[in-house]
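To start, the structure itself, in structure tokens.
Computed from the coordinates by the stated procedures, all read-outs in this text should not be read as laboratory data. Remember, it's a predicted structure, so these values are computed and weren't measured experimentally. Methodologically, a virtual Cβ is constructed for each residue, glycine included, from the backbone with ideal geometry; neighbour enumeration extends over all protein chains shown.
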Amino acid sequence: MKNLMFNSKLSRSGFTLIELVFVIVLIGILTSVASNFIPDNRLLNDVNFLTMKIKQKQRNAIGYSTYHFGNPSYWNYSKNNCIDLDTTNIKKIALNEKKSFKFSSSITVNGDDGNSTVCFDEYGRAFHSGHILHNELDINLSIPGSKQQSKSFSIMPVSGFIVLH
């Protein structure tokens, strides 16, 4: 009799297959509903990535190093002072990053005359199409097929500062 009671308790202490399937289906439904409320930050991440790369090119042109400030042996005046703001080029740069950032926006440059390259001189001044900027250079990013609106920023004339809109 004692053995029979032990077996009946053991058979009641578990979940049935139907209960497990129900819990898995319920978790799936909650996950799909919750995924609609997660914000899409791809556009903002792309703007931050692109502005960081532009500032990096400007810093390289000036010869400023965050690790070796004032040491001329680390200054780099002549190479890598330009950035091509073509979408495919920026995607290649993003893929070469250590963290494998995926750039997903398309880029349009206001006043683009077929040359989307921005260069900087040793004073940090921005050049576009071989001339120093005298007007703001507006750069617009948008994700194709997305409901979000586009985001834009400008490279200011002469100073090369970046202003987010």
Subtracting the Cα-Cα distance of N48 and N89 from 0.36 nm times their residue separation yields 13.1 nm
Sequence order, the stretch 40-51: Karplus ³J(HN,Hα) from phi using 6.51 cos²θ - 1.76 cosθ + 1.60, θ = phi - 60°, Hz rounded, Gly and Pro as x, gives 8, 9, 4, 5, 5, 5, 5, 4, 4, 5, 5, 5
Long-range amide H partners of S106, meaning residues 5 or more apart or on another chain whose placed amide H is closer than 5 Å, are S142, I143
Per the 1/(1 + (r/R0)^6) rule, R0 = 25 Å and r from the Cβ atoms of F161 and T117, FRET efficiency to 0.05 is 0.85
With x for Gly and Pro, the residue-by-residue ³J(HN,Hα) of the stretch 17-33, computed from phi through the Karplus equation 6.51 cos²θ - 1.76 cosθ + 1.60 at θ = phi - 60° and given in whole Hz, is 4, 5, 5, 5, 4, 4, 5, 5, 5, 5, 5, x, 5, 5, 5, 5, 5
Checked against a 24 Å limit on the C-alpha separation, the offending pairs among K102/K151; K53/K147; K57/K91 are K53/K147
